[in-house]
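Below you'll find the structure, written out as structure tokens, and then a few comments.
The values are calculated or read from the model by the stated rules, or taken from the named source; none is laboratory data. These numbers were taken from a predicted model, which means no experiment stands behind them. Cβ placement follows ideal geometry from the backbone for every residue including glycine, while neighbour counts extend to all protein chains displayed. Surface areas here come from the heavy atoms of the whole protein model, side chains and all, with no ligands, DNA or RNA. Shrake-Rupley method; radii C 1.70, N 1.55, O 1.52, S 1.80 Å.
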Amino acid sequence: MSTTATSAPAIEVRGLRREFRVRQGIFSAPRQVIAVDDVSFAVPAGSVLGVVGESGCGKSTLARLILNLLAPTSGDVLVDGKRLADMDRRARARLIQPVFQDPFASLNPRRRVRDIIAMPLIAQGDVATDDMNRRVAEAMERVGLSRDQAQRYPAQLSGGQRQRVAIARALVLRPRIVVCDEPTSALDVSVQAQILNLLAELRRDLGLTYLFISHNLAVVEHIATEVAVMYLGRIVERTESERLFAAPRHPYTRALLASVLTPEPGLGVPDVGLGDIMPDPANIPPGCRFHPRCPVAIARCATEAPKSTADAAGLVECHLAESVG
Amino acid sequence: MSALLEVQDLRVTIGSTAAVRGISLSVNKGETHCLVGESGCGKSITALSIMGLLPKGSVRETQALRFAGEEIGGYGERQMEHLRGNRMAMIFQEPMTSLNPAYTVGSQMTEVLRRHRRVTRTAAVDRAAELLARVGITAPGLRLGQFPHQLSGGLRQRVMIAMSLMCDPELLIADEPTTALDVTVQAQILRLLAELQKDLGLGILLITHDLGIVARVADRVSVMYAGEVVESAPTVALFAAPEHPYTRGLLTCVPVPGKVKRDEPLGSIPGVVPRMQPGFAGCAFRDRCPEATDACAGSFPRQNMSNDHQLLCTLAPGWTGSAAA
Ligand SMILES: Nc1ncnc2c1ncn2[C@@H]1O[C@H](COP(=O)(O)OP(=O)(O)OP(=O)(O)O)[C@@H](O)[C@H]1O
Ligand SMILES: Nc1ncnc2c1ncn2[C@@H]1O[C@H](COP(=O)(O)OP(=O)(O)OP(=O)(O)O)[C@@H](O)[C@H]1O
Ligand code: SF4
Ligand code: SF4
Ligand SMILES: [Mg+2]
Ligand SMILES: [Mg+2]
């Protein structure tokens, strides 16, 4: 696995924005939700960008934009240096593939495992049958599925095995990038560990790049090389994984990290200091969007939105963050 | 002093599934006892059988089921109804299963109190408002008039907790009360439960699959596997010296920030939790256990080790194996 410094980032996102119109009741006027709000970043080939944040902050929307399952309201997604929107569907599938949270919902219950895994190959057209069989067998072996499981249906598999099928399907075209949206959130910890180890091994062996979404910070810390923290559609902090966990700069990142309950007795449950106001994506506060919950907000935060600043320590969006030279 | 809740040799079969296979546990006043285990191991069925809320077609057997010193195993539906929501209350993972979408928060909360106590409507409303404020809700008056769907997940769970406290229960059974919530809200809710317990002297049976939560809130832990408690000990002792191979395995599966390096595999347990049939003999973990021997297929007793630590495993010191070995 060698990536030269000059090669294009595996994923690059420029000024990405996606709005939704949502109607809460039949009589109320539709409201606008800005699920992803002017997001830009680049993921170098071979690395793992972890994306964390609370429910509704826009993680899955970001994933679907990057997979072209959803069109942006504005902005661009570049994969391997090429605009995603200009790419042919089959070429796109050979480059980038998804793995979702709930393998049961994403696998067709009426198809056998081997047919599910072969689907992306069939969609490519003109793949010889024996070549197809060989590649399916290879993908199954790669993810630790046994041969006799090829004839089974999803319902006959455990949750962890189903997630392996979803991963095998994502790998069968030998893509360079895999977008994982909460790939282990529906699994038990013992199975989660199996899948995380598998994903890490695949990245090492195949030189894959991941966009890895999870609400579990410990999981993200384990697999990501870089972490982006999302809050109400924006990335409020992004930096190298070690640095983020050792020295978080955004007050929201600090609250998230404080909430991680590690299995260490005697420490009790920390006070994260956020109060009871919940973020509402259809009603984004003026000024800093985190200010109603921010434990260290100052007067200015209620009226003036902080600018995103990039420095040697990464990117952060907070009036109080001091620049690191 | 006798325990607030005492369960001895609880067994539940549902159709052809042996969901709970001989569980004993107790909860003292002011104590938090955590029941931890992976999906399907029988945690919820244990909770429901204590509350007398088992699904139709279940068969429950116990040697003893005592609440506040009184045997309640033989209670009929009328007697159980008198206890439930009154002296013992339960909180579920998904608050919408126990909140009625058609009624306001206020009317549901006052209903609970007026079912069990002779109080005026105004007194009941006052009590509801007081408890909403107690669980950290900033505008109790407003919330009382709202419907459940108008609240965020975190607020609903706070409402559920407030509602469970309307009649001053002695025992609270909380089944995954924070699993559906964001980590920041989870920390807030768990902190709140710990505070309430200290103030009100509640006994809490807390069900979770998260060893982080266990470490931070439990006084005592029981680890469940396939319908049995395989290890039970005071929290500090269990985390300092886990004895059961399953407990030890589980602890290595949990990613802990700063503990396991990236690219170093997490510990994992091969295979999955089996579904138990009635009449199963021997250790249910033996297919996955790295230390299994022939003795594990036979029957062996639960061992009391030092310091109130109990173990169900042939490795327990003091058990020398069957004569056949
Ligand atoms: N198809 C859609 N139509 C309308 N609104 C949508 C749609 N998809 C997402 N949203 C809204 O966009 C916002 C972001 O949703 P998204 O699913 O991206 O969040 P998330 O971070 O993935 O949350 P979770 O952790 O719960 O999966 C939410 O307010 C959501 O309700
Ligand atoms: N209503 C039901 N009918 C039939 N079987 C059931 C029913 N509810 C639970 N079971 C079975 O009983 C066993 C124990 O289930 P239980 O719900 O107690 O597990 P749990 O430990 O709470 O799991 P989870 O973490 O997924 O909530 C499982 O094998 C389950 O399939
Ligand atoms: S800008 Fe102000 S409100 Fe926003 S995170 Fe920083 S201190 Fe808090
Ligand atoms: S009884 Fe045997 S199989 Fe079961 S946990 Fe102990 S050593 Fe492992
Ligand atoms: Mg999502
Ligand atoms: Mg359950």
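Taking Cα pairs under 8 Å and at least six residues apart, what relative contact order does chain B come out at, in percent?
Details: 591 pairs, mean separation 69.8, N = 325.
Answer for chain B is 21 percent.
What is the diffusion coefficient of the range A:24-96 in µm²/s, taking the Kirkwood radius over Cα pairs and the Stokes-Einstein relation at 37 °C with a viscosity of 0.692 mPa s? Could the numbers behind the result be given before it?
Values: Rh = 14.3 Å.
Calculated translational D: 229 µm²/s.
Taking amide H positions as placed in the peptide plane 1.01 Å from N, state which residues far from A:TYR231 in sequence (5 or more) or on other chains have amide H under 5 Å from it.
Under 5 Å from the amide H of A:TYR231 lie the amide H atoms of A:VAL236, each far enough along the sequence or on another chain.
May I ask you to derive the relative contact order of the range A:9-324, considering only C-alpha pairs under 8 Å and at least 6 residues apart, and to give it as an integer percent?
Details: 576 pairs, mean separation 63.5, N = 316.
With pairs under 8 Å counted, the relative contact order is 20 percent.
Counting only helical runs of four or more DSSP H residues, what would the 222 nm mean residue ellipticity of chain B come to if each run contributes -39,500 (n - 2.57) and the total is spread over all its residues? Don't skip to the end; give the middle numbers.
Numbers: 10 runs with 99 residues, N = 325.
When only DSSP H runs of four or more count, the value is -9000 deg cm²/dmol.
Using only alpha carbon pairs under 8 Å that are at least six residues apart, calculate the relative contact order of the range B:60-151 and give it in whole percent.
Numbers: 59 pairs, mean separation 25.2, N = 92.
Reported relative contact order: 27 percent.
Whole Å is fine, so just give me how far the alpha carbon centre of the range A:52-78 lies from that of the range B:90-134.
First find each Cα centre; the distance between them is then 40 Å.
Each label point is 7 Å from the Cα along the Cα-to-Cβ direction; what then is the distance between the points at A:LEU320 and B:LEU53, in nm?
Output for this residue pair reads 4.1 nm.
Dividing the Cα radius of gyration by the Kirkwood radius, what Rg/Rh value follows for chain B? Mind showing how you got there, number by number?
Details: Rg = 20.9 Å, Rh = 21.1 Å.
Using only Cα positions, Rg/Rh for chain B is 0.99.
Report the FRET efficiency, 1/(1 + (r/R0)^6), for A:ARG17 and B:LEU200, where r is their Cβ-Cβ distance and R0 is 60 Å, rounded to 0.05. List each step's numbers first, then the result.
Working: r = 49 Å, r/R0 = 0.81.
Result of the calculation: an efficiency of 0.80.
Just the accessible area for B:LYS43, please: 1.4 Å probe, Å², rounded to the nearest 10?
B:LYS43 exposes around 20 Å² with every protein chain in place.
Of the heavy-atom accessible surface of chain A (probe 1.4 angstrom), what whole percent is carbon and sulfur?
On the way: 7030 of 14140 Å².
After summing per-atom areas, the C and S share lands at 50 percent.
Amide H to amide H under 5 Å from B:MET276: which residues, 5+ apart in sequence or cross-chain, H placed 1.01 Å off N in plane?
B:ALA18
Report the rotationally averaged projected area of the range A:9-324 based on its alpha-carbon convex hull, in square nanometres. Present the calculation step by step, with values, prior to reporting the outcome.
Details: hull surface 74.9 nm².
Over all viewing directions, the range A:9-324 projects a mean Cα-hull area of 18.7 nm².
Would you be so kind as to identify which of B:VAL105, B:ALA64, B:VAL183 lies farthest towards the positive end of the dipole of the protein assembly as shown, taking Lys and Arg as +1 and Asp and Glu as -1 on Cβ and the Cα centre as origin?
Checked the options; the winner is B:VAL105.
Assuming 0.36 nm per residue, please report the length gained on full extension of the stretch A:ARG204 to A:ARG112 beyond their Cα-Cα distance. Walk me through the numbers on the way to the answer.
Working: separation 92, 0.36 × 92 = 33.12 nm, distance 2.92 nm.
Gain in length upon complete extension: 30.2 nm.
Tabulate in residue order the Karplus-calculated ³J(HN,Hα) for the range A:124-138, using 6.51 cos²θ - 1.76 cosθ + 1.60 with θ = phi - 60°, rounded to whole Hz; enter x for Gly and Pro.
Taking θ as phi minus 60°, the curve returns 6, x, 5, 10, 4, 4, 6, 5, 4, 4, 5, 5, 5, 4, 5 Hz for the range A:124-138.
State log₁₀ I(q)/I(0) for the protein assembly as shown at q = 0.06, 0.08, 0.10 Å⁻¹ as given by the Debye formula over alpha-carbon point scatterers of equal weight, solvent excluded.
The Debye formula, applied to the Cα set alone, gives -0.37, -0.66, -1.03.
Average projected area of the Cα convex hull of the range A:75-167, in nm²? Present the calculation step by step, with values, prior to reporting the outcome.
On the way: hull surface 28.3 nm².
Spelled out: convex hull of the Cα atoms, projected over all directions, averaged, 7.1 nm².
Does the range B:81-121 come out rounded, prolate or oblate by the C-alpha gyration tensor, with a ≥ b ≥ c the root eigenvalues, rounded set by a/c under 1.5 and, if not, prolate when a/b is larger than b/c and oblate if not? Mind showing how you got there, number by number?
On the way: a/c = 2.99, a/b = 1.20, b/c = 2.50.
It is oblate, given that a/c is not under 1.5 and a/b is not larger than b/c.
Would you mind getting the accessible area per residue of chain B, heavy atoms of the protein chains only, 1.4 Å probe, in Å²?
Numbers: 14060 Å² over 325 residues.
Result: 43 Å² of accessible area for each residue.
Could you list, bin by bin from short to long, the percent of Cα-Cα pairs of the range A:131-197 in 10 Å steps?
P(r) over the range A:131-197, rounded to whole percents: 20, 53, 26, 1.
Of the listed peptides A:244-254, A:12-22, what is their order by residue-averaged count of other C-beta atoms within 10 Å, with the highest listed first?
Working: A:244-254: 21.3, A:12-22: 17.0.
Peptide ranking by packing, descending: A:244-254, A:12-22.
Order A:114-124, A:170-180 from most to least packed using the mean count of other Cβ atoms within 10 Å.
Working: A:114-124: 18.7, A:170-180: 21.5.
Going from most to least packed, we get A:170-180, A:114-124.
I'd like the mean, over residues of A:271-279, of how many other protein chain beta carbons sit within 10 Å of each residue's own Cβ. Don't skip to the answer; put the middle values down first.
On the way: counts 3, 7, 3, 5, 3, 11, 4, 8, 2.
Taking all residues of A:271-279 together, the mean is 5.
Considering only the other residues whose Cβ falls under 15 Å of the Cβ of B:SER306, what net charge follows from Lys and Arg at +1 and Asp and Glu at -1?
-2
According to the square roots a ≥ b ≥ c of the eigenvalues of the Cα gyration tensor, what is the shape class of the range B:52-138, taking rounded for a/c under 1.5, prolate for a/b larger than b/c otherwise, and oblate for the remainder? Before the final figure, lay out each step's value.
Numbers: a/c = 2.28, a/b = 1.77, b/c = 1.29.
Verdict is prolate for the range B:52-138.
For the range B:150-197, list whatever residues lose no less than 50 Å² of accessible surface once every protein chain is in place, relative to that chain by itself, with the probe at 1.4 Å.
The answer is B:ASP182, B:VAL183, B:THR184, B:ALA187, B:GLN188, B:ARG191 - residues whose exposure falls by at least 50 Å² when every protein chain is included.
Based on DSSP H assignment, which helices of chain B show an axial Cα extent of at least 24 Å together with a mean Kyte-Doolittle hydropathy greater than or equal to -0.5? All intermediate terms of the calculation are to be shown ahead of the outcome.
Numbers: long enough: B:183-200 (25 Å, 0.49).
Qualifying helices, which must be both long enough and hydrophobic enough, are B:183-200.
Could you work out how far apart the two model spin labels at A:TYR153 and A:ALA302 are, taking each label as a point 7 Å from the Cα in the direction of the beta carbon, and quote it in nm?
6.0
Would you mind giving the total buried accessible surface between chains B and A, with a 1.4 Å probe and ligands, DNA and RNA left out, rounded to the nearest 100 Å²?
Numbers: alone 15990 and 16100 Å², together 28200 Å².
The buried area between B and A, both sides summed, comes to about 3900 Å².
Between the range A:238-316 and the range B:151-195, what is the C-alpha centre distance in whole Å?
23
Near the amide H of B:VAL229, under 5 Å away, which other amide H atoms are found, from residues 5 or more places off or on another chain, if H is placed in the peptide plane?
B:SER24
Taking beta carbons within 10 Å but only from partner chains, what does the mean come to for residues A:138-146?
Values: counts 0, 0, 0, 0, 0, 0, 1, 0, 0.
Averaged over the peptide's residues, the number is 0.
Taking 30 Å² as the minimum loss, tell me which residues in the range B:36-50 lose that much accessible area going from the chain by itself to the full protein complex (1.4 Å probe).
Going by heavy-atom accessible area, the residues of the range B:36-50 that drop by at least 30 Å² are B:GLU38.
For A:190-203, what's the mean count of beta carbons from other chains sitting within 10 Å of each residue's beta carbon?
The mean count of partner-chain Cβ atoms within 10 Å per residue comes to 5.
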